[in-house]
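For reference, the structure is listed below as structure tokens.
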Amino acid sequence: MVRRIYHMQELIPGLPTTRSELWCLPHADPFAYTSPMRQLILILSRVLILALATAGSLFAQNDPEWTEPFPAFRIAGNLYYVGSRGLANYLVTTPQGNILINSDLEANVPLIQASIEKMGFKFKDTKILLISHAHWDHDAGSAKIKEMTGATYMVMDADVPVVESGGKADFQYGNRPEFLYPPAKVDRVLHDGDEVKLGGAVLVAHLTPGHTKGCTTWTMKVADGGKTHNVVIVGSPNVNPGYKLIHNNSYPQIAQDYQHMFDVLKSLPCDIFLGAHGGYFGLEEKYPHLKDGAANLFIDPDGYKKFVTEKEQEFRTELAKQTLSAK
Ligand SMILES: [Zn+2]
């Protein structure tokens, strides 16, 4: 998911899209005004444009919660939360080493390492690295983590070109330099339904496309307190600002893919509801209640169903809006 990253053009339709276009504005129809008035308009409009450009670059910054530390904790069984406040990472521990889901921004790598060590595990024991989807807030740190741990990087087929080009092959953000990152070599290409196995742990990769072409929802079973729980880690169901759901030349089947994604999410049995961002499943609300002997609020099958229903409704509303305005 991408939150709070808006350019002024997305917020105010009709705004010029490049800085050179911006600087062309004051020169429009210069003979319509007297000379001092022209001077004043020129100065005022330049001030306004500078303010807009500054606001634009502020809007392009990442959400500060993404790099804000969050306590590491055991969710259930051998599954741990090792992410920040805004970006979710999961560690699946096994006797033969560990599986890490998501690498986040490069700036998050030391936070992830510290969280893993706080839980009593070694960062270097990370044998497999997986991601939720190929957006910089989930995969920009992958090259660094591979280098530091030697982990095997496994990515869903349709996200591989994006990961290996450092974001340049992304259908939406490929030409936006601020969202590019160090490319990372994928060691194993995953396909829908593939299993990732290590030391008795089995994770299943479900292709849930739309948000990215290879967006992946991970499922696994976790044994805890004499019970086995179905875990779902949602890839992302969000339609980002600026996404074209119809007549999208760089992703023609995007709307069908979103619909397929919702059908897949609705078909998955879920006890423990997780996702690529803590906001999906109420990380901050649920975490303080996690005490010995108390009910584990992360076991939330109803919350999962509600989330999927709401997100599907949001998608359908946006699709209807875009269909109407295309007519
Ligand atoms: Zn995303």
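Here are the numbers for the structure shown:
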item: Set Lys124/Lys146; Lys144/Lys213; Lys168/Lys197; Lys244/Lys321; Lys291/Lys311; Lys127/Lys168 screened for pairs whose C-alpha atoms are more than 19 Å apart; result: Lys144/Lys213; Lys168/Lys197; Lys291/Lys311; Lys127/Lys168
item: Per principal axis, descending, Cα span of region 189-249 in whole Å; result: 50, 25, 12
item: Within-15-Å neighbourhood charge of Lys146 [Cβ basis; K, R +1; D, E -1]; result: -2
item: Peptide ranges 242-251, 153-162, 257-266 listed from the most packed, as the mean C-beta count within 10 angstrom indicates; result: 153-162, 257-266, 242-251
item: Ranked list, fewest to most other Cβ atoms within 10 Å of each Cβ, for Ser84, Ser267; result: Ser267, Ser84
item: Inter-probe distance in nm under a simple model that places probes 7 Å from Cα toward Cβ, at Ala107 and Asp125; result: 3.1 nm
item: Residue order, fewest to most beta carbons within 10 Å, for Asp302, Asp104; result: Asp302, Asp104
item: Local net charge near Val308, Cβ-Cβ under 14 Å (Lys/Arg +1, Asp/Glu -1); result: -1
item: Prolate/oblate/rounded call for region 167-306, Cα gyration tensor, a/c under 1.5 rounded; result: prolate
item: Length-normalised contact order for region 185-327 - Cα pairs under 8 Å, 6+ apart - percent; result: 19 percent
item: Exposure proxy order (Cβ contacts within 10 Å, fewest to most) of Val196, Val189; result: Val189, Val196
item: Region 119-217, relative contact order in percent, only Cα pairs under 8 angstrom and at least six apart counted; result: 28 percent
item: Lys244-Ser165 pseudo-label distance in nm [points 7 Å out on the Cα-to-Cβ vector]; result: 1.6 nm
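We did not get these values from a lab; they are worked out from the coordinates using the rules stated. What you see is a predicted model; the values in this text were computed from it and never measured. Every residue, glycine as well, gets a Cβ built from its backbone with ideal geometry; the counts of neighbours run over all protein chains shown.
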